[in-house]
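See structure below.
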Amino acid sequence: MKIMRFITLATAGLSAAGLVSCATMSTSHSTSTITKADFGKTPEGQPVEIFTLRNGQGAEARIMTYGGIVQSLSVPDKNGKFADVVLGFNTLDGYVNPTYLKGCPYFGALIGRYGNRIGAGKFTLEGQAYTLAGNNNGNSLHGGLKGFDKVVWTVEEAEVGKHGPELELTYLSKDGEEGFPGNLKVKAVYTLTEDNALKLQFSATTDKPTIVNLTQHSYFNLAGEGQGDILGHLVYLNADKTTPVDAGLITTGEFADVTGTPFDFRKPTAIGARIKDPNPVLQYGPGYDHNWVINKPLGAYGLQARVVEPNSGRVLEVWSDEPGLQFYAGNFLDGTLTGKAGVAYQVHTGFAMEPQHYPDSPNKSNFPSVELKPGQKYHNTIVYKFSAE
């Protein structure tokens, strides 16, 4: 394990609150810092910590060791007013109690081993058949019953680097965990850059052929968490095609042109403009919960999406080297969960942008491979860049 670069604050009040400064860096604006605090214990008794990354511009991201979850993310609007723009809970209990598990929204979570759905929870790799937990209408979703979003990650390093405050988490997913083959060593590095981007770098190695598809599952509301629905947000998606799904939300293996359909976001369009269009593939969602095929060469890094909230002027750009993007409009939020501002999360009060490989790729030979072999290294970069206009 790497040595943690911590500097304990002398301030008694902070020590009493369980808060520790891990690192600092001065900038022309203010000081970039990382602090940590206790955030409770899991039902099994494992302690959980939360790290606060703050850059020199005043932006702030709070990340838990439980599930690698982005618990809050505060960025400025066009007037310089800061607001938390991701959905979530104020306490660990919100993420581990039965209500959360039943609703399974995956607020802010690091998703693995396989983001999105695998049809019937089955796949064959190197001639060997594997069966996973059918936790979503018989399909495997987001890693199974206890995916990477429901384990406690190990902190390897927390420091302020040349690009901003940075947190490195690791996890060993053992051979057979949730039905997946191979001992998978995973590393996740979170950086809050000085230009107000949250950069995530995922990497993994295995000792046995396996499949990997990691992503991030924050729900965004650029007006601010708890500030109404997201239907007025304007979305641009850099994609000419989608991978359509059947009634069970499993990809058919086809590629569909977005022209003339409610899936065409090549010109900025309000999320709510066509979300109730009778298009049957759209209403399988019901509403947006689909994968777009991003216009770039396989493995190339580029812009996937741009979202604008007109009133606040906040802008979110999504950049990644992944081939696909799952855009989800919070269709299954139903008011049963209450967020950080004390407001119930109703339908469409947050949206997710999840860079990833295509859903059900292990069962679709015409999709880019998600296999990882011994000696190879998986790598995935996701950047959520914020600005205002």
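The values are calculated or read from the model by the stated rules, or taken from the named source; none is laboratory data. Small disclaimer: the values here were computed from a predicted structure and weren't measured. Using ideal geometry, Cβ is built from the backbone for each residue, glycine included, and neighbour counts are taken over all protein chains shown.
Go through (1) out of contact with any strand residue (DSSP E or B) (no Cβ under 6 Å at 6 or more places or on another chain); (2) more than 16 Å from VAL383 (Cβ to Cβ) and name the single condition THR205 misses. Among (1) out of contact with any strand residue (DSSP E or B) (no Cβ under 6 Å at 6 or more places or on another chain); (2) more than 16 Å from VAL383 (Cβ to Cβ), the lone unmet condition for THR205 is (1).
Can you name the residue in segment 327-347 that is not polar (S, T, N, Q) and not in a loop (DSSP other than H, G, I, E, B) and is also modelled with the lowest pLDDT among such residues? Even if it seems obvious, please write down each step before you answer.
Here is the first cut: in segment 327-347, the residues not polar (S, T, N, Q) are 327-330, 332-335, 337, 339-345, 347.
Still in the list and also not in a loop (DSSP other than H, G, I, E, B): 327-328, 344.
On the way: PHE327: 98, TYR328: 98, ALA344: 94.
Of everything passing the filter in segment 327-347, ALA344 is modelled with the lowest pLDDT.
The residue list ASN238, ASN295, ASN291, ASN279 contains one member that is in contact with a strand residue (DSSP E or B) (Cβ under 8 Å, 6 or more places away or on another chain) and free of Cβ contacts under 8 Å to residues at least 60 places away in the same chain, which is ASN295.
Just to be sure before I move on: is ASN137 surrounded by fewer than 15 Cβ atoms within 10 Å (Cβ to Cβ), without any contact (Cβ under 8 Å) to a residue 24 or more places away in the chain and of a type in the set (S, T, N, Q) in the structure I sent? Taking the combined requirement at face value, the residue does not satisfy it.
Of the residues making up segment 149-169, not a single one is in contact with a helix residue (DSSP H, G or I) (Cβ under 7 Å, 6 or more places away or on another chain) and not β-branched (Val, Ile, Thr). Summed over segment 259-282, the residues that are in a loop (DSSP other than H, G, I, E, B) and under 24 Å from VAL347 (Cβ atoms) give a count of 12. Would a scan of segment 83-99 turn up a residue that is among the aliphatic types (A, V, I, L, M), more than 30 Å from GLY313 (Cα to Cα) and over 19 Å from the mean Cα position of the chain (by Cα)? No: segment 83-99 contains no residue that is among the aliphatic types (A, V, I, L, M), more than 30 Å from GLY313 (Cα to Cα) and over 19 Å from the mean Cα position of the chain (by Cα).
Can you find even one residue in segment 169-190 that is within 19 Å of the chain's Cα centre (by Cα), of a type in the set (Phe, Trp, Tyr) and under 30 Å from SER387 (Cα atoms)? So far as segment 169-190 goes, yes, one or more of its residues are within 19 Å of the chain's Cα centre (by Cα), of a type in the set (Phe, Trp, Tyr) and under 30 Å from SER387 (Cα atoms).
Go through segment 190-221 residue by residue and tally those that are in contact with an Asp or Glu (Cβ under 7 Å, 6 or more places away or on another chain) and surrounded by fewer than 18 Cβ atoms within 10 Å (Cβ to Cβ). The total comes to 2.
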